[in-house]
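Note sheet for the following structure.
Every read-out reported here was derived from the displayed coordinates using simple, explicitly stated rules and does not represent laboratory data. All values reported here derive from a predicted model rather than from experimental measurement. We place every Cβ from the backbone using ideal geometry, glycine too, and count neighbours over all the protein chains shown.
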Amino acid sequence: MQKTSTKTLYDYWNKLRGSRSAPDRRDIDPARIRDALGNTFILELDENEKFSFRLAGSHLCNSYCRELKGRSFSALWHERDQDALDTLLRAVTEDHAVALVTFSGTTAIHTKASFETILMPLRHNGSTHTRLLGAMTAVNEPYWLGVQPIIEQRISGLRLIWPDDVALEETVRDVSVQVVGERSYSPSAPMPAMVYGRSARRYAHLAVIDGGRGK
């Protein structure tokens, strides 16, 4: 986690959930995450079974030069990343993983900025399938950010973390995920692979390195 806002939100979420896999949406107190609030968002599952912004902080909206509330989160991502994004969201909502994402945002005149995003499950009406808590922060803020809107974004790296395992041995028990190319793979049929000399399973164009849950 490179950015203070990312770590602040993660630490708050992790403390708030206690022994649960995710805290309840009603437990969130904005005053407790004041320093990260401008970059924080909540997603909700819409009628198209895609995630949209229910709430979005002012700093985050400024990066896109528009209000994000009610807009599609899924639609922000390049079409080549859609399978990867769907797999990622399932890992968060169904397996209660925390996802750390880095991506490159591009403007209409092809200027670029790097961002860090964290996604964490939230419980709503007893389910973790319809709400997500997250933060999105520019790694380095170029002078034009907030003037030239981000119109396209591509995933550059992912990491899935199961928080209950982190305290045991973080570097081994986290599951690292890297974008490994443009070739398409079926997300429902993992394929064996080798990444950095370690066994992995490919979903879409992601390689999930073995060494997380179950070890």
Rounded to the nearest 5, the percent of DSSP beta bridges in the range 1-134 running antiparallel is 95
Among 125, 74, 96, the residue whose Cα sits farthest towards the positive end of the charge dipole of the range 4-171, when +1 is placed on the Cβ of each Lys and Arg and -1 on the Cβ of each Asp and Glu, is 125
Any lysines whose Cα falls less than 26 Å from that of residue 15, other than same-chain ones fewer than 8 residues away, would be 3, 7, 215
Subtracting the Cα-Cα distance of residue 72 and residue 19 from 0.36 nm times their residue separation yields 15.9 nm
Here the Cα Rg-to-2.2 N^0.38 Å ratio for the range 97-164 is 1.33
At q = 0.19 1/Å the base-10 log of I(q)/I(0) from the Debye formula over the alpha-carbon atoms of the range 4-171 is -1.32
Loop-resident chymotrypsin sites (Phe, Trp or Tyr not before Pro) in the range 64-150 with no more than 13 other Cβ atoms inside 10 Å, DSSP not H/G/I/E/B, are 143, 144
